[in-house]
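Values in this text are rule-based calculations from the coordinates and carry no lab data. Bear in mind that the values here come from a model prediction, so they are computed numbers and not experimental data. Note that we place each Cβ from the backbone using ideal geometry, even for glycine, and neighbour counts take in every protein chain shown.
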Amino acid sequence: MALATHPHILDKCQAEVDSVVGPDRLPTYDDELPYIKATVRELFRWRPVGPTAIPHASTEVRLRAFLPAYFIPLNLHKSNADVTH
């Protein structure tokens, strides 16, 4: 979707593939395509394919000894993805 909204980037990627690979074959992992690699990294940074946070759960009652002023319910599941902005 990101490349659909930024067609000039897609044109640069296509130009790099055409100049390095040519019209006669498909690209392989041995081809040096730095702009393609950078574009893919940026796309993964922009929209990760997996979760970026590990869910946490309070499992011990001993938390009250460390945080006596706060009530933390047992088995409370939270992750960074649960935060609403």
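Classify the range 2-46 from the C-alpha gyration tensor, please: rounded if a/c falls under 1.5, else prolate or oblate depending on whether a/b exceeds b/c.
It is oblate, given that a/c is not under 1.5 and a/b is not larger than b/c.
Give the order of Leu3, Leu26, Leu33 when sorted by the count of other beta carbons within 10 angstrom, beginning with the fewest.
Leu26, Leu3, Leu33
At 7 Å along Cα-to-Cβ for each site, give me the label-to-label distance between Arg47 and Asp24 in nm.
3.7
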